[in-house]
1. Work out, step by step, the length gained on full extension between residue 308 and residue 275: first 0.36 nm times the residue separation, then minus their alpha carbon distance; give nm to one decimal.
2. Using a Gaussian network for the chain with springs between C-alpha atoms less than 10 Å apart, which of these wobbles most: 76, 278, 383?
3. How large is ³J(HN,Hα), in whole Hz, for each residue of region 314-330 in order, when computed from phi with the Karplus curve 6.51 cos²θ - 1.76 cosθ + 1.60 and θ = phi - 60°, using x for Gly and Pro?
4. Local charge sum around residue 369 (other residues, Cβ-Cβ under 15 Å, Lys/Arg +1, Asp/Glu -1)?
5. Accessible area per residue, 1.4 Å probe, Å², for region 200-287: what's the number?
6. Toward the positive end of the charge dipole of the chain, about the Cα centre and with charges on Cβ (Lys, Arg +1; Asp, Glu -1), which of 181, 370, 358 goes farthest?
7. Checking the a/c ratio against 1.5 first, then a/b against b/c, what shape does the Cα gyration tensor give for region 104-165?
8. Between residue 324 and residue 339, what length comes free when the chain is fully extended (0.36 nm per residue of separation minus the Cα-Cα distance, one decimal in nm)?
Amino acid sequence: MTASTAADPPFRIAAALSRLGTETAFEVLARAHQLEATGRSILNLGIGQPDFTPAAHITEAAVKALRDGQHGYTPSPGILPLREAVAADLNGRHGVPVDPDHIVVVPGGKVTMAFAILMFGEAGAEILYPNPGFPIYESLIRFSGATPVPIRLHADLGFSFRAEEVLAQITPATRLIILNSPGNPTGGMTDDAELSALADGLTARPDIAILSDEIYSRLSFDGRPHRSLLATPALRDRVILLDGWSKTYAMTGWRLGYGVWPRALVPHATRLSVNIHSCVNAAAQYAGIAALIGPQTQVAEMAAAFQHRRDIAHDRLNRLPGVVCAKPRGAFYAFPSITGTGLDARTCQTRLLEEAGVATVAGTSFGAAGEGHIRLSTAASPSVIERAIDRMHGLLATA
Ligand code: PLP
């Protein structure tokens, strides 16, 4: 840190900023890079991004768009051919008709999340969200002024929620329920019976919207189908679907995602887009079309590779002293319990990085219910996963 020579200016920052959280994975990544810069060898199982390069036809479509002169603003919700391609993709995968006019293309999956939370969140409102879950849910709920109400996930139910627990948490102030399957950080998936029970229980409350974060929709393992909430007729009219290109097509840095909104919410999502980012980078939108309508071979190859790595990680983690790992069903994370090591999650994260050179993320970075766990991203090569878990063994055997 550089010492400031002058006194800091007395800015009066909005109070809401003090309620904004962060994503520890980015801090771990920065620290890992710092250590690497000093010559240390770091094996990175921290940040969750595919270690693949997008298929060539996707990059070519962006280059062509730039050469063709696509340098200007586009319509705020996204160019029509892209929204049509998204609608056709969803129809093909889930067997549901989707109106392209309900789709709002945004710079990454996170933006649909932010729009949904800001649309419903204010003082006095309650928003339910998975805990442990993607940290930005709780962060933005608090920022909005709403009260975050954590939904418990159960390892013995494949890290699904239990419908009766969720329904018991609903009050007159509940406005939005956030669900995420396949899930970060657990690799879990929603149990079908629990989803049906939740849908039944919600019939009495048509005013409650559901944000279904399906960013890992193409990454479910062992032939287990991913069921979109859009394809659940009882929920369809209240679902805001979040998906995008980041994980499916290894395009995290392109910042391309979309939301499918109930008709009444489309103008609000569009207005938020106009106010905040105008539109998504035009060339990226053309690449997005190529990704959706082009060959899907790489998507299948990546899913198979992630399943293979899941098997390696799951098997080896369960051989570590004090560690128990439920089998992830999707996404590219393992979320083992480390309670048997005697270390709390944060200490485990720090010691693994500083002493063993393995970047992981403490379970508490995903909410209080993540204590006793760490998250490992399995979006790394099998040899990195194996070597990292060997190093963990060295540390945990003496912890
Ligand atoms: N939702 C979940 C559950 C995620 O894990 C992530 C990224 O890690 C996102 C949304 C955000 O995706 P994007 O990078 O497209 O903004």
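1. On the way: separation 33, 0.36 × 33 = 11.88 nm, distance 4.32 nm.
Gain in length upon complete extension: 7.6 nm.
2. Looking only at 76, 278, 383, the biggest GNM fluctuation is shown by 383.
3. For region 314-330, the Karplus-derived couplings read 4, 5, 6, 4, 5, 8, 7, x, x, 10, 10, 10, 5, 7, x, 9, x Hz, x marking Gly and Pro.
4. Result for the neighbourhood of residue 369: -1.
5. Values: 3420 Å² over 88 residues.
I get 39 Å² per residue for this part.
6. 358
7. Working: a/c = 2.48, a/b = 1.43, b/c = 1.73.
Here region 104-165 falls in the oblate category.
8. Working: separation 15, 0.36 × 15 = 5.40 nm, distance 0.86 nm.
Full-extension gain reported as 4.5 nm.
The values are calculated or read from the model by the stated rules, or taken from the named source; none is laboratory data. What you are looking at is a predicted structure, and each value in this text was computed from that prediction instead of being measured. Heads up, the Cβs are rebuilt from the backbone with ideal geometry, glycines too, and the neighbour counts pull from every protein chain shown. Please note that ligands, DNA and RNA were not included when accessible areas were found on the heavy atoms of the full protein model with its side chains. Shrake-Rupley method; radii C 1.70, N 1.55, O 1.52, S 1.80 Å.
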